[in-house]
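Everything below concerns the one structure shown next.
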Amino acid sequence: MRALVALRLGWLVFAAAALVPMNVTASAPHVEQADLTGDINTITASYIQSSVSRAEADHADALLVVLNTPGGISNSMDDIVTSLLNCKVPVVVFVYPSGARAASAGLFAQAADVLAMAPGTNIGSAHPIQATGENLSGDLGAKVLNDAVTRVRNLAEMHGRNADWAEQAVRNSVNINAEEAVKIHVADLEVADVHSLLNQVDGREAPRTNGSITFHTGGALLDDYPMPFWQVFLNALIDPTIAALLIIVAGYGIITELSNPGLILPGVVGGLAAILAIVSLANLPVNIAGALLMLLALILFIADLKAPTHGFLSVGGVFALLLGMAFLINTGPIGLGVNPIVSIAVAAITLGFFAFFIRKVLAARRQPAFVGGDSLVGALGEAREELAPEGLVFVSGALWKAKAASPIPAGTAVRVVGRDGLQLQVARENGQAENGQAKERK
């Protein structure tokens, strides 16, 4: 009996010990983390939108966005701003780790309920620029600049931050470090790591348009949800320069296959590159004029292979290619298009590529057409019986009567050096015909 009672008490103690950690875990705040590293584009915007939706569905106590970006596409920045402003859970943007930055389009961090920065980070430099990197001018420049200024001032004022500095970050590309940002109320906190940040914002109230929101993040359990592999792959693909290079590789492969049917490999590589290029361009703001110019370039290159234009069409194709790559991607007022150095290098390589093919095509056109026995001159074969000096040889899948200047044993490799009617003139392979050269007799 005593043993039974002791066993039951032991089970009760074990159950109680197992339940204590579960209760502690259940009562601890739950924070979800998203990592935005690199350029801001449609993929990163989609990633942040899905992170917001997941945090809301999981009833997380806060969403932490760890940020390190040089900037990117303005339209994607707007999508991120909209997602963060309408997030139902508190949002913290943390410029982290040391050495990270929130530059250019990264100024969307002003949309967060709390903006924190690690020591050694910086924020700013958000002046609108063209895809080529040049400043916008004229009425369009004034329109884009004023819109960006108003937007960033609204974000700063909504969260009680320094709207005047935010305006200067857009107008004059000013940039400051973490310590100065906290000092002049551009950022809310300067902290060294994520866990210190969560503890410091615990209990903090942040203003929102419909009231205020309170953080409950002290001792929180942090779940990190990095960008999934397929989005990482797409993110690498949608670089404007990569997209343009994929189009060029697709053109190389397809044209090579059309010019040399049966090679297979160039066609497969070109087809894969074409599919990847379509995926890439589907996630980029494509300029139709740029795409048409690149298509025109490929048409001119193909036409130069087929028509006797002596390379003039290829030269025109190179100019069309350069213009097409320059105008291919419309990244808006913030961001970068196709790298101009890469564009020039690709144009030069492409000109050399097609000049090589054109030279080969022209050389082939100038070659005389060999038919019948003439086509056998230079072919390798095998002596099927001793040539002393006449006998049979096997050349190009058939037996031929042949004659040699000197005896050749059966089974010896021979090369056709001429013909006399239906009789071939052969010599031992690597040997010499009589008088150093066998001449064709007609």
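The values are calculated or read from the model by the stated rules, or taken from the named source; none is laboratory data. Bear in mind that the values here come from a model prediction, so they are computed numbers and not experimental data. Positions of Cβ are generated from backbone atoms using ideal geometry, with glycine treated the same way; all protein chains shown enter the neighbour counts. In case anyone asks, the SASA skips ligands and DNA or RNA and just uses the protein heavy atoms, side chains included. Shrake-Rupley method; radii C 1.70, N 1.55, O 1.52, S 1.80 Å.
Each residue was assigned an accessible area with a 1.4 Å probe, and for LYS403 the value is about 60 Å². What is the sum of charges, Lys and Arg at +1 and Asp and Glu at -1, for the other residues whose Cβ falls under 9 Å from the Cβ of VAL182? Taking every other residue near VAL182 into account, the sum is -3. Of interest is the spacing of the C-alpha centroids, which for region 199-250 and region 99-124 amounts to 13 Å. In order along region 258-272, the Karplus-derived 3J(HN,Hα) couplings, from 6.51 cos²θ - 1.76 cosθ + 1.60 at θ = phi - 60°, round to 5, 7, 9, x, x, 5, 6, 4, x, x, 5, 4, x, x, 4 Hz, and Gly and Pro are given as x. For ASN162, the residues whose amide H sits under 5 Å from its own are VAL186, ignoring neighbours fewer than 5 places away on the same chain, with H placed 1.01 Å from N.
For region 155-166, 3J(HN,Hα) computed residue by residue from phi via the Karplus equation (6.51, -1.76, 1.60; θ = phi - 60°) reads 4, 5, 5, 4, 10, x, 9, 6, 5, 5, 5, 4 Hz, glycine and proline entered as x. In this view, the solvent-accessible surface of HIS216, computed with a 1.4 Å probe and all protein chains in place, comes to about 100 Å². For the residues VAL426, VAL144, a 1.4 Å probe over the protein chains yields an accessible-area ranking, largest first, of VAL144, VAL426.
Computed on protein heavy atoms with a 1.4 Å probe, the accessible areas place PHE353, PHE229, PHE394, PHE215 in the order PHE229, PHE394, PHE353, PHE215, largest first.
Summing charges over all other residues whose Cβ lies under 12 Å from the Cβ of GLY218, with Lys and Arg as +1 and Asp and Glu as -1, gives -1. Placing pseudo-labels 7 Å out from each Cα toward the beta carbon at GLN49 and VAL232 gives an inter-label distance of 2.3 nm. Ordered from highest to lowest accessible area with the whole protein assembly present and a 1.4 Å probe, ASP164, ASP304 read as ASP164, ASP304. Residue by residue, region 199-210 carries 3J(HN,Hα) couplings of 5, 6, 8, 4, x, 6, 9, 10, x, 9, 5, 9 Hz when phi is fed to the Karplus relation 6.51 cos²θ - 1.76 cosθ + 1.60 (θ = phi - 60°); x denotes Gly or Pro. The residues neighbouring LEU115, those whose beta-carbon lies less than 11 Å from its own, together hold a net charge of -2 under the Lys/Arg +1, Asp/Glu -1 convention.
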